[in-house]
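Just so it is clear, none of the values below were taken in a lab; they were calculated from the coordinates. Remember, it's a predicted structure, so these values are computed and weren't measured experimentally. Heads up, the Cβs are rebuilt from the backbone with ideal geometry, glycines too, and the neighbour counts pull from every protein chain shown.
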Amino acid sequence: MKIVVTGGTGFIGRALCATLTRGGHRVTVLTRHTGQSHRRPELPIQAVEWNARDSGPWEQVLEAADAVINLAGASIADTRWTDVRKQLIIDSRILTTRLLVRALSRWSSKPVTFISASGIGYYGATDDHRLDEGAARGDGFLADLCLGWESEALRAAEHGARVVTLRTGMVLEQDGGALPKMLLPFRFFAGGPIMPGSQWVSWIHRRDHIGLIQWALSTPTVSGPINVVAPEPVTMKTFCEVLGRVLHRPSWLPVPRFALNMLLGELGTLMTTGQRVIPAKAIAGGYHFQYPTLESALKAILVEPTSIRSAA
């Protein structure tokens, strides 16, 4: 397949592009930084420059593409949510997705599949209820963001594309995402849950995240939102207990909610609230998770010898 990827230099995108290329696909990355972090000499990945804001010559790579995978967006959790930061988070997702869909509409030969990132923040802060893809949208900044983001992506269906939106949970690997930030206190024997500890963590190993994208690419009956999470969400308390067990470290020093909120402001709600999300569509569609349990995922990341771990 000829596949165009935005966000191909990021934590998920780098590994995804490498996996797709090794699988025989022709991958083109739209990037602001041609020739940099996504480039690997052993992989024939083409880089095309764009600024994610304006039309331009980059649009030509969409012609005759079989699929577009849209992972572009400023990091949610890098810094406190000021009004300026919130606007950047919104624009880097909604305006970029709108730009892509408009570009697709101008080509007579359009991609068959449009896969676009989203997040489980769509469901808002919830209690113990299990949430499948049919669950209602919640409240708050992330819920509103994901609604707008998905709405822009779904416009590609008006131009004949099969649209899939990836409602992604906490993605686990050691070279990015939330996990490296959580590891540091454990390595100094000061790890513990973020209070209240009862909030749900819906997580997924990066290999399974990429696997679900591959599954969506190759399964023409899949469309609409899919929950990109493992089948066994856990509470924050359990997450930290398992992490401590895998590291052979105690999980005893809780992080008070008020301290996190003082440090991060509204951003702190990402860690103090959660959602119990189930990948119902993936399970019904027969996707086989490589890492269905948290312990198996963390052992693969933290215990497996680096020499035998895949790039994904």
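Some points to look at:
- Annotation: peptides 224-230, 185-191, ranked by per-residue average of other Cβ atoms within 10 Å with the highest first, follow the order 224-230, 185-191.
- Order of Glu152, Glu49 under a 10 Å beta carbon neighbour criterion, fewest first: Glu49, Glu152
- Each peptide in 65-75, 172-182 was scored by the mean count of other Cβ atoms within 10 Å over its residues; highest first, the order is 65-75, 172-182.
- Binning the C-alpha pair distances of the stretch 66-123 at 10 Å intervals from 0 yields a P(r) profile of 20, 45, 25, 9, 0 %, listed from the shortest bin outward.
- Ordered by the count of other Cβ atoms within 10 Å of each Cβ, fewest first, Met1, Met271 give Met1, Met271.
- Sum of side-chain charges, His248 neighbourhood, beta-carbon under 14 Å (Lys, Arg +1; Asp, Glu -1): +2
- With contacts taken as Cα pairs under 8 Å and at least 6 residues apart, the chain reaches a relative contact order of 18 percent.
- Residues whose amide H falls under 5 Å from that of Val163, counting only those 5 or more places apart or on a different chain, are Phe114, Gly224, with hydrogens built in the peptide plane.
- Angle in degrees between helix 141-154 and the longest Cα principal axis of the chain, rounded to the nearest 10: 20 degrees
- Taking every DSSP bridge with both residues inside the chain, close to 10 percent are antiparallel.
- Cβ-defined net charge surrounding Ser198, 12 Å radius [Lys, Arg +1; Asp, Glu -1]: +1
- Cα-based Rg and Dmax for the stretch 100-219, where Dmax is the largest Cα-Cα distance (Å): 17.6, 59
- Gain in span if fully extended, Asp54 to Arg137, counting 0.36 nm per residue against the direct Cα distance: 26.8 nm
- Cut-off under 5 Å, modelled amide H: who pairs with Gly119 long-range: Thr168
- Computed with the Debye formula from one identical point scatterer per Cα of the stretch 111-150, without solvent, the log10 of I(q)/I(0) at q = 0.20, 0.25, 0.28, 0.34 Å⁻¹ comes to -0.60, -0.83, -0.96, -1.19.
- Under the criterion of Cα pairs below 8 Å and six or more residues apart, the relative contact order for the stretch 1-157 equals 21 percent.
- Nearest 10 degrees, 0 to 90: helix 83-105 Cα axis against the chain principal axis: 30 degrees
- Once backbone amide H atoms are built at 1.01 Å from N, Val234 has Val201, Trp203 as its partners under 5 Å, excluding neighbours fewer than 5 places away on the same chain.
- Rounded, prolate or oblate (a/c below 1.5 giving rounded, otherwise prolate when a/b exceeds b/c) for the stretch 2-304 by Cα gyration tensor: prolate
- Computed from phi, the 3J(HN,Hα) profile of the stretch 288-304 under the Karplus parametrisation 6.51, -1.76, 1.60 (θ = phi - 60°) reads 9, 6, 5, 10, x, 10, 4, 4, 5, 5, 5, 5, 5, 7, 9, 10, 4 Hz, with x in place of Gly and Pro.
- 17 Å Cα-Cα reach of Lys181 towards aspartates and glutamates, excluding residues that sit fewer than 8 places from it in its own chain: Asp78, Glu173, Glu241
- Among Thr96, Thr19, the order by Cβ neighbours within 10 angstrom, fewest to most, reads Thr19, Thr96.
- Listed by chain and number, the lysines whose alpha-carbon sits under 19 Å from that of Lys2, ignoring those within fewer than 8 places in the same chain, are Lys110.
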